[in-house]
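Participant: First, the structure itself, so that you have it in front of you.
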Amino acid sequence: MPMLRIEIAATDQVEAKRVQSVYQRGERSIKLDDEATDEAWKAGYTPIGRPTFVGLTNGEPLMYRFDVPVETSVR
């Protein structure tokens, strides 16, 4: 299944670490999942599953990274 990498800007490092720990516990942030799905739609792809939290970027600005499963066939 093809995945689309989505990056979403984090507000600050403290919040980013808190969100990362939420995902590491196996929980989800519905707001961020919805935002990643919306970004996939905006990029012209049809999401076919829930986004997977991949981690944080090391650069500035700090970004959340998600892989979103997408449909790529053309009908």
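The values are calculated or read from the model by the stated rules, or taken from the named source; none is laboratory data. Just so you know, these numbers come straight off a predicted model, no measurement behind them. Each accessible area value is taken on the protein alone, full model and side chains, heavy atoms only, with ligands, DNA and RNA left out. Shrake-Rupley method; radii C 1.70, N 1.55, O 1.52, S 1.80 Å.
Participant: Helix 30-42 sits at what angle to the longest principal axis of the chain, using alpha carbons and giving 0 to 90 degrees rounded to 10?
Facilitator: Helix 30-42 sits at roughly 40 degrees to that axis.
Participant: Not counting ligands, DNA or RNA, and with a 1.4 Å probe, what is ARG5's accessible surface area in Å² rounded to the nearest 10?
Facilitator: Accessible area of ARG5: about 110 Å².
Participant: Another question about this same structure. Taking amide H positions as placed 1.01 Å from N in the peptide plane, with prolines and chain starts having none, which residues 5 or more places from LEU4, or on another chain, fall under 5 Å of its amide H?
Facilitator: Result for LEU4 returns VAL68, VAL70.
Participant: Here is a further query. Give me the angle, in degrees from 0 to 90, between the Cα long axis of helix 13-24 and the longest principal axis of the Cα atoms of the chain, rounded to the nearest 10.
Facilitator: The answer is roughly 60 degrees.
Participant: Looking at [x] 0.99; [y] 0.92; [z] 1.03, which value of Rg/Rh (Cα atoms, Kirkwood Rh) comes from a calculation on the structure shown?
Facilitator: Calculated Rg/Rh (Cα atoms, Kirkwood Rh): the matching label is [x].
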